[in-house]
1. Based on alpha-carbon atoms only, what is the radius of gyration of the stretch 3-196 relative to the globular estimate 2.2 N^0.38 Å?
2. Select from PRO296, VAL52, VAL107 the residue farthest towards the positive end of the dipole of the chain; place +1 on Cβ of Lys and Arg, -1 on Cβ of Asp and Glu, and compute about the Cα centre.
3. Would you tally the net charge around LEU288, using a Cβ to Cβ cut-off of less than 11 Å, leaving LEU288 out, and scoring K and R as +1, D and E as -1?
4. Got a sec? How would GLU344, GLU219 order by Cβ neighbour count within 10 Å, fewest to most?
5. Stretch GLU66-GLU330 to full length: gain in nm at 0.36 nm per residue minus the Cα-Cα span?
6. With the Cα gyration tensor of the stretch 1-81 giving a ≥ b ≥ c as the square roots of its eigenvalues, does the rule (a/c under 1.5 for rounded; else a/b larger than b/c for prolate; else oblate) give rounded, prolate or oblate?
7. Put a dot 7 Å past each Cα toward the Cβ at GLU124 and THR161; how far apart are the dots in nm?
8. Using bins 20 angstrom wide from zero, how does P(r) for the chain break down, in % of all Cα pairs?
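Values in this text are rule-based calculations from the coordinates and carry no lab data. These numbers were taken from a predicted model, which means no experiment stands behind them. Every residue, glycine as well, gets a Cβ built from its backbone with ideal geometry; the counts of neighbours run over all protein chains shown.
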Amino acid sequence: MALGALIGAYQEDDAGGLKALSPLAGRTLVEYQARCAAAAGAAPIVVLVERVPPALAAAFERLRAEGVAAIPVSDGIEAAARFEPGMPILQMADGIAPAMALVQRIVGANERAVATVADGQAHELFERIDNERRWAGLALVDANTLSSTAAMLGDWDLQSTLLRRTIQAGALFIPAGEGVTPFLVHSGAEPQAFDRHLIQASRRIRRDWPSRYLLPIPEEFATERLMSTPARPRWLIAAALILMLGAAVAFVLGWPLAAMALLLLASPLDLIAERLAILRLRPLPAGLLTRRLLWPAGGLALLALGWFEARHGSGWGAAVLALAAAAFAEAARVEAGGRDLPGETWLFGLRPAIFLTVPFALGGWWTAALAVLAVYATGSFFLVQNRAHRGARD
């Protein structure tokens, strides 16, 4: 079912202006929120605001020029009327600048869900839920709950009331992990605080050991150089896909070292693209086709290496090893189901496979590389299966 979005934009700061108009990286908070919602596939995007001052109207115009239609409404009943019955709605709190990774996690829940941060001094400005949790400003609600809440609202605050009713309906709590805690706009925040928050958040998105320990320096260098250029994040993702497909062709043609060079060049491009997208306040869509094709393209390169080795002295054993590695890698990905698992940094993935192959490539030990990758993928599958099923039992 289609996804909608409801953004609060009616709270004022200490100066009497709207929090939604707080400057963030040269634009406004509401523009960043609307772009996040659009990148998650939300339409319509409804903005709840009591009045539309000229600055907010200008923000809506800039969004429309970028293809993001934000619809202002003045009350909860009008907001509820904009959504189809039963439609899931991404609720975004007033004054919250979320990390795109957390938006994707909430939307991917496919049920009522509430993002949380731990109760404590670091999060004391976030709205309290209970003695252990505070609201991180994101929730997945449904249109029926919004309609009934708006109908009984009276003088109550729609944002908080909708949150409470969603929790009472049995919403899933999703903790915001390290690096994805939303930025909360408040009167004491420095104008440059959000810029620093974006940079720090983008640096912490590390899901495998090469990106965590080997690639931060080249990624940082490339990101800083590309920020001031017209280079688009989508171009970098497409370039990574082309390089991986080129590596598969190079393996087939008998140029294994050239193939490895192409794979190494491709390995950081999706990280750089994601970081550029965050810094430019235009997060990449969760379902971007070229990014989704990187995984099968990497598998194709692996199979091409197995075919190359099978034709150059190792026999069909090399092809079987490549098939086994690809099969167990895909099985582990399906078994994980997008969940965060303990120790996932060390599990099999595209970048780990590429960098693990490098020392074998330098020695020309391609069949040994395939054997190690097959063992790595198999072990990762059984670890993922164990942890996923143990989590389900717990």
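1. Working: Rg = 15.3 Å, N = 194, 2.2 N^0.38 = 16.3 Å.
Rg over 2.2 N^0.38 Å, computed on Cα atoms: 0.94.
2. Of the options given, the answer is PRO296.
3. Numbers: positive: ARG234, ARG291, ARG292; negative: ASP270, GLU274.
Net local charge, LEU288 excluded: +1.
4. Values: GLU344 16, GLU219 21.
Ascending Cβ contact count within 10 Å gives the list GLU344, GLU219.
5. On the way: separation 264, 0.36 × 264 = 95.04 nm, distance 3.65 nm.
Fully extending the segment from GLU66 to GLU330 adds 91.4 nm.
6. On the way: a/c = 1.86, a/b = 1.24, b/c = 1.50.
The shape class here is oblate.
7. Result for the modelled spin labels: 3.0 nm.
8. Histogram of Cα-Cα distances, whole percents per bin: 26, 50, 22, 2.
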